[in-house]
Structures are given as structure tokens and as C-alpha cells.
Amino acid sequence: MSKPLEVVNAVLDAGFEGLGPLCSATGLADEYLADSRYANHEARIDSLIHWETGKLFTTGFLSGLGGLLTLPVSLPAGLGVSWAVQARLVGAIARIHGHDVEEDRVRTLTLLAIVGDIGKEVVKQAGIEVSQHLGMRALEAVPKHALSGINRAVGFRLVSKASQKGVVNLSKVVPLAGGLVGGAVDALACRAVGATARRLFSPGPGPVVPVPGMSPG
């Protein structure tokens, strides 16, 4: 397995399964799904993005998790953890919309949410039509090996940009890449990732096959 693919798999696994004091993405989503105060899934996601970006990126939070994530390559301090925490948020949004975080398409779309606009270029280079709404349905016909190729390409972008630009400059390209520069900046960047995830995993027109025991919102 290539190093870039190992990096994104490590980030996704940490985000989806939980890191340190953080529960898994599924556990986080299920807390919101079990709360009857919310009128619908959109209200749940609004609250999820608001509270998670507010409480997770307080001063010192990412540095406290810095030693819990082991990556196959050297990255600036806090950068891999930042991505893992973002992956957890995106995974929770996918789960709330009825998707299984173990599904290959969910993993790929999570990475695309993290890298933002760069993801569009990666998908186009993979030969996937993106003129329409990019989301779960856009990847329905994409074979598993092609999804792995997209993941590898995203990982290569993350690793190469991190090594070339460093933490501060990378923040202009990849959401949350500023690492520990400032809690407010981190929170705003994470909110942007959450907004992208909302769009990517939105059911849109037509049925969505739900996770057993759940209904898509």
C-alpha cells in the first residue's frame, strides 16, 4: 500500500473509530439521532456542526490529541489529528443521513469534504463526471479500485502540500491545515468542512438506502 493511501486510511480510521476521549463517528451521530428534541435530520446536523466545532477546537485540544495518532509519514504537529477530527464530524453527518461509515463511497466522500475544492480536481482527473451534484449517487457506478485511486490521490495531495508548504501556508489550501494556529480559525474551517459534508451526503431527490434501524432525513 502506498504511503499516501496509508495516511488517509489512518486518518479515516481514527476519525470514524474515535480518538482518545472522542467517541466514534457512529456513536456521535447516534447521540443526535436519539434526541427527540430535533425536528428533523437537518436540525440535528445544524446542532452537530455548531457544538462540535465549538467544543473540539478550544485552545490546546488538538495538541492534547497529538500523540494519539500514528501516521506512516511525518506531518506538521497536529495536522493529522485535525484531519481525523474533521473525518469524525463528516462521518457523523453521513450516519445521520442514513449511510454506513464502513462503506467505501462514504470514506471517499469524507476525504473530498476535508480537501474541499481540491477534491473536484481529483475526481475529474479520475474520469468521473462532476457536472451534476457530487455525492453518494455520483459515485454509485465507480468501482472500488477507482475509489481507492481517488483516496490515494487525495492522500498524495495532503502529504505533498504538507511537506512543501508547512502548516501555515497549507491552511490556504486544505481546511484546518493551520493546525494549532488559533482555535477560532480552526472552528471556522471545520464548520466549512461540515457544510461541504452536508451537501455531499444530502439525500436529494429519490430514495436513499438507510442504515438498518434508521431513516434518512
>> Exactly one of these conditions fails for residue 123: (1) open to solvent by less than 30 Å² (accessible area, probe 1.4 Å); (2) modelled with pLDDT of 85 or more. Give me its number.
In response: (2)
> Which of (1) outside any helix (DSSP H, G or I); (2) of a type outside the set (Lys, Arg); (3) over 17 Å from residue 84 (Cα atoms); (4) open to solvent by less than 60 Å² (accessible area, probe 1.4 Å) does residue 118 not meet, given it meets every other one?
Replying inline: (1)
>> Can you pull out every residue in the range 31-54 that is among the acidic types (Asp, Glu) and surrounded by fewer than 18 Cβ atoms within 10 Å (Cβ to Cβ)?
In response: 31, 35, 42, 46
>> With the condition being modelled with pLDDT of 85 or more and among the aliphatic types (A, V, I, L, M), I'd like the helices (runs of 4 or more DSSP H) fully within the range 1-69 carrying at least 3 qualifying residues.
In response: 3-17, 25-33, 41-56
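With respect to residue 80, is the statement that it is modelled with pLDDT under 95 and within 14 Å of the chain's Cα centre (by Cα) true? Show your work before the answer.
Numbers: modelled with pLDDT under 95: yes; within 14 Å of the chain's Cα centre (by Cα): yes.
Against the criterion (modelled with pLDDT under 95 and within 14 Å of the chain's Cα centre (by Cα)), residue 80 qualifies.
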>> Looking at residue 148 and the list (1) open to solvent by 10 Å² or more (accessible area, probe 1.4 Å); (2) within 17 Å of residue 29 (Cβ to Cβ); (3) of a type in the set (Gly, Ala, Ser), which single condition is not satisfied?
In response: (2)
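The values are calculated or read from the model by the stated rules, or taken from the named source; none is laboratory data. Bear in mind the structure is a predicted one, so any value in this text is a computation, not a measurement. With ideal geometry, Cβ positions are generated from the backbone for all residues, glycine too; neighbour counts draw on all protein chains shown. Just the protein is used for accessible areas: all its heavy atoms, side chains included, with ligands, DNA and RNA removed. Shrake-Rupley method; radii C 1.70, N 1.55, O 1.52, S 1.80 Å.
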